[in-house]
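Only one structure is covered here, and it is reproduced in the block below.
The values are calculated or read from the model by the stated rules, or taken from the named source; none is laboratory data. Source: prediction; values computed, not measured. Methodologically, a virtual Cβ is constructed for each residue, glycine included, from the backbone with ideal geometry; neighbour enumeration extends over all protein chains shown. The area values use the complete protein model at the heavy-atom level, side chains included, leaving out ligands, DNA and RNA. Shrake-Rupley method; radii C 1.70, N 1.55, O 1.52, S 1.80 Å.
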Amino acid sequence: MNVPNNYTGRYNGKVSTSNLNVNGEDFSEFELFELPTPFDDLTPFDDSTSFDESTPRGYPPRDRSMSVTNVNMLMERNKPSHHTTDYDISNLVIRRGQEFMMEVTFSRPLTDSDDFQVEFLIGSNPSASQGSLVAVTFTSRRGGPWPGRVLERRGTTVTLGITPSASAIVGRFRTYVAIVAGRGMQRTRRNSDTDLYLLFNAWCPEDTVFLGNEAERREYVLNDHGVIHQGSLGSVIHRNWVYGQFERGILDACIYILDKSQMPIYDRGNIIKVVRKGSGMVNAQDDKGVLVGNWSNNYSMGRSPTSWTGSIRILLQYANTGTSVSFAQCWVFAGVFNTFLRAIGIPARVITNFNSAHDNTGNLKTDLIFNSDGSPDTRNTRDSIWNYHCWNEVWITRQDLPSQFHGWNVVDSTPQETSDGHYRCGPASVHAIKTGQLCHPYDAGFVFAEVNSDVVFHKRTQFGTLEVTDILKTHIGLALYTKAVGSSGHSDVTHTYKYREGSAEDEATMARAEQYGCERDHSDLPENLLSITLNAEPVMLGQDVSLQVNFHNQGDLNKTVKAHLTASVVFYTGIVAESFKALDFIAQVPANQTKTEVLSIPAEEYFAHLGSQVSLRFVLTGQSDDQSVTAVKLLTLQTPNLNVALDGPRCVGQVMYVTVSFTNELGFRLEKVNLSLAGSGMLSDTDHFYNSIEPLGSITWTVEFYPRLPGERTLFAVMDCENLRQVMGSATVAITA
């Protein structure tokens, strides 16, 4: 396959694939070609001088007295009714299962004896039997599965109404008008201006993505800006993300992803196959997909995952070069996948699972191993608990399952485990996860473990063996957040994944999951009348940490507790970057009382160990008589914000200015600083680089732009450097038409 080699960081033309034909199967929608300017197209096909497989064969008509002089796709009338006005594209974009109109002008007025049809073709080898060649008729003569009708006749112009089937292939169709005369047929020449894009339709009850709530359709299909939650519960970071599904080149890039995946054309109307293929293609693990994952903290061969403002730059770079983009972590995979899904019409949202169990090989145990002195044994601990993990949900009708499994389904493009031989996950019904019915496809058991695992603490004895000392049943899947409908706040969707911990319904779910092969730990531990909790208030980077330790003694005897505290800087994946403190102390806890100890962690103790990380983890193990207790507290430090200010008339097409400013009050120099700015419908991705920002030094950057779309719009800025990440800022403004 040939790809352009002159990528300049901007979209240079239409993208697609060529020669994607494997064992006779057609995988490509149209040909790959390089253009001098965006959206120029191929020279129209001339059937008198050459042969094009994409045009149906026919015999010359005997009567050439009538011909087609013009075809008008009526974009101004169709796009509003199909909710596709925002797509920055020169062709008609419509949704399946809903009528659209087009005008055909003939060389003379039609008579009752005239017969014609409109043909829609997709792929390089269109076939009526596979749905990639559709003929729409307007007489009693039988046509294809898309019904058509004549809406109006005005002289030589006829207005037609055509309804694509609710199960039609999704992608870019070529359009022809064919006049029937005797045994012959005269077709219009290839004209890319009449091509149309057909999408899934959340407004159509017969479509497998139908979503009945209008506010949710506008949020989960039409909103091109989102919020992705990061950090830890109690210190949540709200990260803006520019989905940008309507921006120029993005829809073509999403179709290119399907082409690159070698997905057969005839499968592209099947919602399960599309989201499953998309889940695998957003990562580059085994199929040269969109994004390369990197959790090493070395991003010298690409961009840091924390530096992206959204999906637009990533998708256009991939489409223009055909090469996977570096680098991504879970929220980047989820943000780009969300753009892909919404661009082709699938209702989708990003979910964040706080305290997400990882790499549990399908069981319900997260095993953490500790040394005899109470310190974590990081060498032998294989399982991990991610501070958070992001995935996507899609709203679909599961035609392969009973009706109770329709609705939100988990799909995850972060490469963690293989599913049917590829790094992908889902769709897994959220209802199946909540009820423990893990026998249903796809990958429900893996997602169930991410939100329901027990944390099992093992202590290595003096003989080298392991003994279970404690089990936390409520630590994993502590909360699941998504962006709220119609606002930038969060919506807690934990209840959709799990019943209240410890309830009868929860116990029944866990028992049912075990019946389907998810192993739990049933160690017989003595009744523990002693427990501990750790609490900490939100802390700004560079401030002291005040850690509150609560010992709860529910017994009738006083307790002497030997406690060991380990403090570490951790990656968001739960892997220790560096341990910086170990503290032993003794607490006397009276019977039936709670004893509170406050530990102060000076900023200088953790500051020198941070690097670019902003998460601290405290693990406290306590031993009293024969009882062992453990508590874990994750604290995400709050980073400074960028100041983003807007100036100008706030009107579509009128010049506006955005100014990003920052003062370094952290006490150390920031090195190799990259500042990025973007906003859907307002400003394309723009960068500015600074060699360094000295302590107490300030920067100011002003950019001119012209808003393209009306409505509430957000500009999002990110500052990223080698020794400080997650510095962000945004400004939201109402743009008038």
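Brief remarks on what is shown
- Shown for segment 175-327 is the translational diffusion coefficient from the Stokes-Einstein equation, using the Kirkwood radius over Cα pairs, a temperature of 20 °C and a viscosity of 1.002 mPa s: 115 µm²/s.
- Distance between segment 347-424 and segment 619-682 - C-alpha centres, whole angstrom: 26 Å
- For segment 412-466, the equivalent ellipsoid derived from the Cα gyration tensor has semi-axes of 30, 16, 9 Å, listed largest first.
- Whole-number percent relative contact order across the chain, with pairs defined as alpha carbons under 8 Å at least 6 apart: 10 percent
- Nearby lysines by direct alpha-carbon distance to Lys365 (threshold 18 angstrom, same-chain neighbours under 8 apart not counted): Lys434, Lys459, Lys473, Lys498
- Segment 88-136 versus segment 144-198: alpha-carbon centroid distance in Å: 2 Å
- Percent accessible area from carbon and sulfur atoms, the chain, protein chains only, probe 1.4 Å: 47 percent
- Straight-distance crosslink candidates among lysines, where the alpha carbon sits under 16 Å from Lys581 and sequence neighbours closer than 8 are dropped: Lys633
- Highest-first packing order for the peptide set 155-163, 627-635, 345-353 is 345-353, 627-635, 155-163, based on the mean count of other beta carbon atoms within 10 Å.
- The protection proxy used here, the mean number of other Cβ atoms lying within 10 Å of each residue, ranks peptides 100-108, 729-737 as follows, highest first: 100-108, 729-737.
- Size descriptors for segment 148-226, from the alpha-carbon set: Rg then Dmax equal 17.4, 57 Å.
- Along each principal axis, taking the top coordinate minus the bottom one, the Cα set of the chain gives 105, 61, 41 Å in descending order.
- Pair-distance distribution P(r) for segment 90-185, from all Cα-Cα distances in 10 Å bins starting at 0: 14, 49, 30, 6 percent.
- Mean separation of Cα contacts under 8 Å (6+ apart) over length of segment 509-579, as relative contact order %: 20 percent
- Expressed as a fraction of 2.2 N^0.38 Å, the C-alpha radius of gyration for segment 112-251 is 1.45.
- In segment 326-477, taking the dipole from charged Cβ atoms about the Cα centre, the farthest positive-side position among Ile369, Ser429, Phe446 is held by Ser429.
- Local electrostatic count, Thr636, Cβ distance below 14 Å [Lys/Arg +1, Asp/Glu -1]: +3
- All Cα-Cα distances of segment 593-737, cut into 5 Å bins from zero to the largest, leave 2, 8, 15, 16, 12, 11, 9, 8, 6, 5, 4, 3, 1, 1, 0 percent in each bin in turn.
- Its alpha carbons considered, segment 622-666 gives a radius of gyration followed by a Dmax of 24.6, 74 Å.
- log10 of Debye I(q)/I(0), alpha-carbon scatterers only, for segment 358-506 at 0.12, 0.13, 0.17, 0.19 Å⁻¹: -0.58, -0.67, -1.02, -1.19
- Alpha-carbon Debye profile of segment 648-713, log10 I(q)/I(0) at 0.25, 0.27 Å⁻¹: -1.02, -1.13
- Globularity index of segment 557-642 is 1.29 (Cα radius of gyration / 2.2 N^0.38 Å, N = number of residues).
- Debye log10 I(q)/I(0) for segment 529-685, one point scatterer per Cα, at q = 0.14 Å⁻¹: -0.80
- Extent along principal axes [Cα atoms of segment 447-586; Å; largest to smallest]: 49, 45, 34
- Label-point separation, Asp625 to Asn641 (7 Å along Cα→Cβ), nm: 5.1 nm
- For segment 419-520, the Kirkwood hydrodynamic radius from C-alpha pairs, put into Stokes-Einstein at 37 °C and a viscosity of 0.692 mPa s, yields a diffusion coefficient of 213 µm² per second.
- Set of aspartates and glutamates with alpha-carbon distance to Lys559 below 17 Å, sequence-local pairs under 8 removed: Glu527, Asp584, Glu597, Asp625, Asp626
- Sorted peptide list for 126-132, 410-416, 580-586, criterion being average Cβ within 10 angstrom, highest first: 410-416, 126-132, 580-586
- With N counted as the residues of segment 71-111, its alpha-carbon radius of gyration over 2.2 N^0.38 Å works out to 1.36.
- Residue-averaged 222 nm ellipticity for the chain, from DSSP H runs of 4+ at -39500 (n - 2.57), nearest 500: -3500 deg cm²/dmol
- Angstrom value of the Kirkwood radius, inverse mean 1/r, which spans all Cα pairs in segment 465-532: 15.0 Å
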